[in-house]
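Down below is the structure, laid out as structure tokens.
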Amino acid sequence: MLRVYGSAKSRALRTLWMVGELGLEYDHKDYLPRAPETKAPEFRALNANGRVPVIDDDGFILSESMAINFYLAKKHGSPLYPSDPKNEALALQWSLWETDRVDRQIVNYVRHSKELPAAERKADIADALWKEVSESFGVLENALGKSQWLAGPQFSVGDLNVAAALYRALSLDTSKWPKVQAWLNRCW
């Protein structure tokens with residue numbers, strides 16, 4: 001049986017969304033990032049980095065949410081995994097783009113603008129990160145002006161991987177990017 005390690009309050013959200021889309025039965029270990037469970041020798045044997053998510057698929061251990069999602073979609077023959085090599089490449093491109101251009105930027109922007117106690121927030125960091133997030137949203141807005149989805153004619157693992165990271169956008173004013181808003185609503 002598939003076991004998923006990681007909380008929905010982490011990048012494991014992507015993996016939990018994927019197993020839901022695939023309708024898979026699974027055992028869930030709801031571990032938060034840096035929780036004591038992730039420091040235990042048993043968990044470190046699964047992922048020496050001590051990070052979530054991790055899956056155990058009948059003895060096949062895999063970490064990193066993007067890799068997990070591509071693996072699960074392909075293994076289960078899901079239409080979420082593009083069959084056309086060009087769309088497969090686009091799904092990979094957008095997934096990797098998200099990790100480089102959006103993930104940490106939006107996490108740290110939200111921390112320094114909303115989540116941290118006011119005394120710990122740094123406005124200069126928030127401003128610099130918002131500039132980066134805005135540029136990335138502009139890139140996404142432009143791409144979604146050409147196609148309803150990121151990697152072909154339908155919702156795919158590429159859309160899921162990017163949209164999962166942008167759940168934080170629910171608390172942001174994204175009205176400047178109407179195509180991004182509409183796409184996020186379609187994905188979610």
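Some points to look at:
- Single residue of Glu37, Glu21, Glu98, Glu42 found to be within 30 Å of Trp130 (Cα to Cα), modelled with pLDDT of 95 or more and either in contact with a Cys (Cβ under 9 Å, 6 or more places away or on another chain) or part of a helix (DSSP H, G or I) (or both): Glu98
- Checked against the criteria, Leu170 does not count as closer than 30 Å to Lys86 by Cα, open to solvent by 70 Å² or more (accessible area, probe 1.4 Å) and among the aliphatic types (A, V, I, L, M).
- Failed criterion for Ser113 (all others in (1) in contact with a helix residue (DSSP H, G or I) (Cβ under 6 Å, 6 or more places away or on another chain); (2) at pLDDT 95 or above; (3) part of a helix (DSSP H, G or I); (4) open to solvent by 20 Å² or more (accessible area, probe 1.4 Å) hold): (2)
- Test: residue in segment 129-140 that is more than 20 Å from the chain's Cα centre (by Cα) and assigned to a helix (DSSP H, G or I): yes
- Positions within segment 151-167 being open to solvent by 10 Å² or more (accessible area, probe 1.4 Å), at pLDDT 90 or above and not polar (S, T, N, Q), in sequence order: Gly152, Pro153, Phe155
- Looking only at segment 46-63, and only at residues there that are in a loop (DSSP other than H, G, I, E, B) and of a type in the set (D, E, K, R), the one that is farthest from the chain's Cα centre (by Cα): Asp58
- Number of residues in segment 149-167 that are farther than 18 Å from Ser83 by Cβ and out of contact with any Leu (no Cβ under 8 Å at 6 or more places or on another chain) equals 1.
- Some residue of segment 169-186 being touching a residue at least 60 places away in the same chain (Cβ under 8 Å), closer than 30 Å to Tyr71 by Cβ and part of a helix (DSSP H, G or I): yes
- Considering Asn69, Asn87, Asn108, the condition of being under 18 Å from Ala165 (Cα atoms) and touching a residue at least 24 places away in the same chain (Cβ under 8 Å) is satisfied by Asn69 alone.
- Segment 1-45 - residue that is of a type in the set (Lys, Arg) and under 15 Å from the mean Cα position of the chain (by Cα) and, of those, least open to solvent (accessible area, probe 1.4 Å): Arg14
- Filtering segment 63-106 to residues that are open to solvent by 40 Å² or more (accessible area, probe 1.4 Å) and of a type in the set (A, V, I, L, M) leaves Ala67, Ala89, Leu90, Leu92, Leu96.
The values are calculated or read from the model by the stated rules, or taken from the named source; none is laboratory data. Since this is a predicted model, take the numbers as computed values, not measurements. No Cβ is skipped: glycine too gets one built from the backbone with ideal geometry, and neighbour counts run over all protein chains shown. To get the accessible areas, we keep the full protein, side chains included, count just its heavy atoms, and leave off ligands, DNA and RNA. Shrake-Rupley method; radii C 1.70, N 1.55, O 1.52, S 1.80 Å.
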